[in-house]
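Novice: Structure below; questions to follow.
The values are calculated or read from the model by the stated rules, or taken from the named source; none is laboratory data. Note that the structure is a prediction, hence the values are computed from the model and not measured. Neighbour counts are summed over all protein chains in view; Cβ atoms, including those assigned to glycine, are modelled from backbone coordinates with ideal geometry.
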Amino acid sequence: MELSQKQKTRLNKLQKRLRREMGTAIEDFSMIEDGDIVMVCLSGGKDSYTMLDILLNLQHRAPIDFKLVAVNLDQKQPGFPEDILPAYLDSLGVAYHILEKDTYSIVKDKIPEGKTTCSLCSRLRRGTLYGFAQRIGATKIALGHHRDDMVETLFLNMFYGGKLKSMPPKLRSDDGANVVIRPLAYSREKDIAEYADLKQFPIIPCNLCGSQENLKRKMIKEMLVGWDKQFPGRIETIFTSMQNIAPSQLIDRELFNFNELKADPNAEPSGEVAEADLPAFDFFEPDNSGHIDLDKATRIDVVNVYQPD
């Protein structure tokens, strides 16, 4: 379908924004370095298509040399259109691999009918992709998670896991063998969705397995969408707060040593205490109760002293 001039202008604007955000994320977290082989994980959804598209765009402009290898895992879900991704990637001239592994049968065997299969499915997929990355010598594994995914995960962990954590833009796997990057970390889902629609990517639906959507994540997403409509800019503020952590203002004793936190007897008064220019309290008996007039310039008197019974 041919785009109108207005749509072409909008597409160009979105591409520039996504390219700028991805470039900033890559630089901020040193996601891609000279000589890297980046394995770009493609699911066939809007996020991974957009990630590959912008990475290819940046690859031509970057001052460093790195390679991109697209990888898709065919998990043998019934009705999976096996021809769509190869045809698309062939049209781009991108190196790619389609891995075939029947994780669908494993998930169906392990998860009771009607229960959400997403968690086990993603773990099996991740393990397969991590192993393949080592086989092809990939130095980075790129996933298509975006800013909204990271904010949603923050609230999921708080509400249901009792932890203050999310998806980091860059992560080393537990075994230390792989480094995962999320180049879309600074990008909004609604921009990605609009970009994918204008680019007319051949989207493959994520419901082929018949599993219901992760209901907890769906609830969090609806909550955040509601906030965004009622209070524009709130999601941006939440995301900004994730980049400005103050360990001493939380209560994690592993993160900050509260036990050794003491007043410094040699410290010079500053801030509000210094500005108040308070006289000495040498005459004041701490055990006395009463009103203290701080407005008197020369002396502080204790008035209306009440002695306990």
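Novice: Would region 184-202 turn up any residue that is at pLDDT below 95, touching a Phe, Trp or Tyr at 6+ places or on another chain (Cβ under 9 Å) and either on the phi < 0 side of the Ramachandran plot or of a type outside the set (D, E, K, R) (or both)?
Specialist: No; the residues of region 184-202 include none that is at pLDDT below 95, touching a Phe, Trp or Tyr at 6+ places or on another chain (Cβ under 9 Å) and either on the phi < 0 side of the Ramachandran plot or of a type outside the set (D, E, K, R) (or both).
Novice: Filter region 16-31 for residues that are in contact with a Ser or Thr (Cβ under 9 Å, 6 or more places away or on another chain) and either part of a loop (DSSP other than H, G, I, E, B) or among the charged types (D, E, K, R) (or both); which is surrounded by the most Cβ atoms within 10 Å (Cβ to Cβ)?
Specialist: Glu21
Novice: On the basis of being aliphatic (A, V, I, L, M), in the same structural domain as Tyr130 (by TED's automatic domain parsing) and in a helix (DSSP H, G or I), does Leu68 make the cut?
Specialist: No, not satisfied.
Novice: What number of residues within region 91-116 satisfy the criterion of being closer than 16 Å to Ser43 by Cα and either modelled with pLDDT under 75 or part of a helix (DSSP H, G or I) (or both)?
Specialist: 2
Per-residue answers, yes or no, for (1) at pLDDT 95 or above; (2) in contact with a Phe, Trp or Tyr (Cβ under 6 Å, 6 or more places away or on another chain); (3) in the same structural domain as Pro168 (by TED's automatic domain parsing); (4) outside any helix (DSSP H, G or I):
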{"residue": "Ile238", "(1), (2), (3), (4)": "yes, no, no, no"}
{"residue": "Gln243", "(1), (2), (3), (4)": "yes, no, no, yes"}
{"residue": "Glu254", "(1), (2), (3), (4)": "no, no, no, yes"}
{"residue": "Asp264", "(1), (2), (3), (4)": "no, no, no, yes"}
{"residue": "Ala267", "(1), (2), (3), (4)": "no, no, no, yes"}
{"residue": "Phe281", "(1), (2), (3), (4)": "no, no, no, yes"}
{"residue": "Asn304", "(1), (2), (3), (4)": "no, no, no, yes"}
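Novice: Evaluate the following for Pro63: is it modelled with pLDDT under 95, over 20 Å from Pro202 (Cβ atoms) and not in a helix (DSSP H, G or I)?
Specialist: yes
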